[in-house]
Amino acid sequence: MIKFENVNKYFDQHKALKSLSFELPEHETTVIVGPSGSGKSTLLRSFNLLEQPEEGLYSLDDKVIDFAQPISEKTILEVRRQTGMVFQDYNLFPHLTVLKNVMEGPLHVLKEQKLIAAQRAEELLELVGLSDRANYYPNQLSGGQQQRVAIARAMAMNPKYLLFDEPTSALDPELEAEVLKVLLKLDVEKNSMVIVTHNMAFAKAVASNIIFLEEGNILFNGSPDEFFNHP
Ligand code: ADP
Ligand code: ADP
């Protein structure tokens, strides 16, 4: 469970997150929507401490972080282990093959054996439909394929929460459909997902839970049915 209590985030005088309190249950796909500049990305990045709000409490399962206190390196690493981020611009290693990109974290961070990491990477590439691209380099792939590698790479670390920052914004509609198909296949029994998007059709297709932000406030937090059918 991800829980915020009275969380404030400032950029100089500007308040980007305004006393936010909410709880994201496990095994849900929460989609955060709202106008540009409403704080979606800041909120998502707070979940893995890429942004650190100045005030409020953050609970990640049984760990409680007081944003008003300094956060230790150890806590940051623990939180990042639990919250895998898939970035908008993929962040793949250009000099590594697709397979090696997916194996990188398990080998060097989790210290897994090579054989085990390779086997798991192959399973994940199968899941995202890229088994036949394992030995390609990122620049030999389409944007949608690179995005799917980035998803496999985040999943290889086995985080409890997968965070997606605008997973389709760089993609044309066809490639967006590819990514959508993969997201719909991911098993929320294993991972909970939080997705930031501008794309309402995409939100409607994947969300089990919707948060609508405006100017740093949560104006809606509830079911997609309620959000899309009774605005
Ligand atoms: P961010 O601040 O999260 O990086 P941007 O404001 O740069 O997002 O917008 C990313 C893309 O989404 C841009 O191409 C922009 O034109 C588009 N965009 C911004 N706001 C909206 C909106 N409300 N609905 C649809 N598309 C939007
Ligand atoms: P969204 O993802 O909804 O487009 P953001 O979370 O990117 O919104 O931004 C929320 C607000 O915080 C915006 O007004 C934006 O300009 C501001 N902001 C975001 N990042 C920074 C930063 N690094 N420095 C200063 N202001 C920022």
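The values are calculated or read from the model by the stated rules, or taken from the named source; none is laboratory data. Predicted, not measured: the structure shown is a model, and the values here were computed from it. In this analysis, Cβ positions are derived from the backbone assuming ideal geometry, glycine residues included, and neighbour counts consider all displayed protein chains. Just so you know, the surface numbers come from the protein's heavy atoms only, side chains and all, with ligands and any DNA or RNA stripped out. Shrake-Rupley method; radii C 1.70, N 1.55, O 1.52, S 1.80 Å.
Odds and ends about this structure:
- When each of 89, 66, 62 is tested for being away from ligand 2 (no atom under 14 Å from the Cβ), in contact (Cβ under 8 Å) with a residue 60 or more places away in the chain and either farther than 25 Å from residue 186 by Cα or among the charged types (D, E, K, R) (or both), the lone residue that passes is 89.
- The residues in the stretch 1-15 that are touching a residue at least 40 places away in the same chain (Cβ under 8 Å), farther than 27 Å from residue 186 by Cα and open to solvent by 10 Å² or more (accessible area, probe 1.4 Å) can be counted, and the count is 6.
- Listing of helices (runs of 4 or more DSSP H) fully contained in the stretch 143-208 that carry 2 or more residues being within 16 Å of ligand 1 (Cβ to nearest atom) and open to solvent by 50 Å² or more (accessible area, probe 1.4 Å): 200-206
- Being more than 16 Å from residue 44 (Cα to Cα) and touching a strand residue (DSSP E or B) at 6+ places or on another chain (Cβ under 9 Å) holds for only one residue in 196, 206, and it is 206.
- Test: residue 53 is modelled with pLDDT of 95 or more and either hydrophobic (A, V, I, L, M, F, W, C) or open to solvent by 60 Å² or more (accessible area, probe 1.4 Å) (or both): no
- Scope the stretch 93-141; condition over 19 Å from the mean Cα position of the chain (by Cα), within 24 Å of residue 184 (Cα to Cα) and open to solvent by 40 Å² or more (accessible area, probe 1.4 Å); matching residues: 119, 120, 122, 123, 126, 129, 131, 132, 133
- Residue 81, sole failed condition from (1) touching a residue at least 60 places away in the same chain (Cβ under 8 Å); (2) more than 16 Å from ligand 1 (Cβ to nearest atom); (3) open to solvent by 50 Å² or more (accessible area, probe 1.4 Å); (4) farther than 22 Å from residue 152 by Cβ: (4)
- The number of residues in the stretch 143-170 that are within 13 Å of the chain's Cα centre (by Cα), among the polar types (S, T, N, Q) and more than 15 Å from ligand 2 (Cβ to nearest atom) comes to 2.
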